[in-house]
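The values are calculated or read from the model by the stated rules, or taken from the named source; none is laboratory data. As the structure is a computational prediction, the values presented were derived from the model and not from experiment. Here the Cβ positions follow ideal geometry from the backbone for every residue, glycine too, while neighbour counts run over all protein chains shown. The area values use the complete protein model at the heavy-atom level, side chains included, leaving out ligands, DNA and RNA. Shrake-Rupley method; radii C 1.70, N 1.55, O 1.52, S 1.80 Å.
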Amino acid sequence: MAEDTNTRWLTQEAYDRLKKELDDLKANRPVIAAEINERREEGDLKENGGYHAAREQQGQEEARIAYLEELLDSATIGEAPSQSGVALVGSVVHVYYDGDEDDTETFLIGTRGVHSSNTDLETYSTDAPLGAAIVGAKEGETREYQTPNGSTVSVTIVKAEPYDESKK
């Protein structure tokens, strides 16, 4: 059975953390609205830095709310894939670049906005060129991707294993 490479996988811990962030942002809406109203009453809006800052904060928080709602509505809750040997969402992947076995990197394949709780482990989203290129690649396989500056990079999968939260 092939695993859907577009799955937005979240552990229950990550889901709960993001849900709490969403609830906190929604609960903060009246505070931001009150701040905007208070600043509006100060007079001329063209030169009112506090008003503009409050509006900007409101816009950023509303964008984050929309993103979190979409993410949480479409996420699959559960544990990391149990399959080793294939780069999947939820896998820790060991790679080398452009045929240079000394140019190595280890990272987690995640989804945008979701990171491992291990601060030493970089997370690459499946929305990023590298993440998109290697999802589904097997150990020993080489794939190519375009960097934002237009150059082509080859990446070879050395090892892929399910992320284990206990191995921080």
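Exactly one residue out of SER125, SER117, SER154, SER166 is surrounded by fewer than 11 Cβ atoms within 10 Å (Cβ to Cβ) and either modelled with pLDDT of 85 or more or on the phi < 0 side of the Ramachandran plot (or both), and it is SER166. Checking the stated criteria, LEU68 turns out to be among the hydrophobic types (A, V, I, L, M, F, W, C) and either at pLDDT 90 or above or under 20 Å from the mean Cα position of the chain (by Cα) (or both).
From the list LEU71, LEU25, the one residue that fits, being among the aliphatic types (A, V, I, L, M) and open to solvent by 20 Å² or more (accessible area, probe 1.4 Å), is LEU25. Scan the range 48-57 residue by residue and report those that are in contact with a helix residue (DSSP H, G or I) (Cβ under 7 Å, 6 or more places away or on another chain) and open to solvent by less than 60 Å² (accessible area, probe 1.4 Å). ASN48, GLY50, TYR51, ALA54, listed by residue number.
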